[in-house]
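The values are calculated or read from the model by the stated rules, or taken from the named source; none is laboratory data. All figures in this text were calculated on a predicted structure; none of them were measured in a lab. Every residue, glycine as well, gets a Cβ built from its backbone with ideal geometry; the counts of neighbours run over all protein chains shown. To get the accessible areas, we keep the full protein, side chains included, count just its heavy atoms, and leave off ligands, DNA and RNA. Shrake-Rupley method; radii C 1.70, N 1.55, O 1.52, S 1.80 Å.
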Amino acid sequence: MDFARHVAFVLRCSAAATFSYMLASAIGLPHPVWAAMTGIIVSQEKLTETRSATAWRLAGTVIGIVAAVAIGSLAAPLGADVAIQIALAVGLCAIVARRYPALRVCMWTGPIVFLTASPEMPILITGLYRGGEVLLGGLVGAALHTIAEAAIGRMFGQIEPDSMDPPTKQQ
């Protein structure tokens, strides 16, 4: 069973990166690297950990995008260069991350949005693209882990202990 889990981890991490990249490319997301990376980042040892990592990754990404879009929309028209915008967005997100460490991803989302932006595309659209890439990768990574656990459960008649509902008393 341990060997099956090792093999499943390797296969699902590889598949999460590959499928996330392929799907993001197929639907025309401009930076599929973020989908591939997120598919790997959310892949943890246990299904509950993968679900938690996915939720926190997506929540932190949303916070980082909101901060970047707000800062970019306000500061760019005032002539603030990208370095200043990054400093402001990261500072704002660091306040959140200090209180909620699981949301630290918000601190690097802002720079990713700013550094992948192009002058011809509004910052809001850039933020939505980055969010879509992360969402896609996170969902693919979590789905593959769920599928792997179901397959292992069927093959070995066991389900990951911490992914089950609490046992009920039998009378």
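Quick look at the values:
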{"quantity": "So residue 61, is it of a type in the set (S, T, N, Q) and without any contact (Cβ under 8 Å) to a residue 40 or more places away in the chain", "calculated": "no"}
{"quantity": "Residue match in the stretch 57-69 (condition: open to solvent by 60 Å² or more (accessible area, probe 1.4 Å), over 18 Å from residue 126 (Cβ atoms), of a type in the set (A, V, I, L, M) and at pLDDT 95 or above)", "calculated": "no"}
{"quantity": "Residue among 4, 97, 87 that is out of contact with any Lys or Arg (no Cβ under 9 Å at 6 or more places or on another chain), aliphatic (A, V, I, L, M) and either modelled with pLDDT under 95 or open to solvent by less than 50 Å² (accessible area, probe 1.4 Å) (or both)", "calculated": "4"}
{"quantity": "Filter result for residue 149 (closer than 18 Å to residue 42 by Cβ and either modelled with pLDDT of 95 or more or of a type in the set (A, V, I, L, M) (or both))", "calculated": "no"}
{"quantity": "Selection from the stretch 31-45 of residues that are part of a helix (DSSP H, G or I) and of a type outside the set (A, V, I, L, M)", "calculated": "34, 38, 39"}
{"quantity": "Qualifying residue in the stretch 119-133 (condition: more than 13 Å from residue 68 (Cα to Cα), among the small types (Gly, Ala, Ser) and open to solvent by 30 Å² or more (accessible area, probe 1.4 Å))", "calculated": "no"}
{"quantity": "Residue in the stretch 77-85 that is of a type outside the set (Gly, Ala, Ser) and touching a residue at least 40 places away in the same chain (Cβ under 8 Å) present", "calculated": "no"}
{"quantity": "Sole residue being of a type outside the set (Asp, Glu) and buried (at least 21 other Cβ atoms within 10 Å of the Cβ), chosen from 16, 75", "calculated": "16"}
{"quantity": "Residue 24 being farther than 16 Å from residue 132 by Cα and assigned to a helix (DSSP H, G or I)", "calculated": "no"}
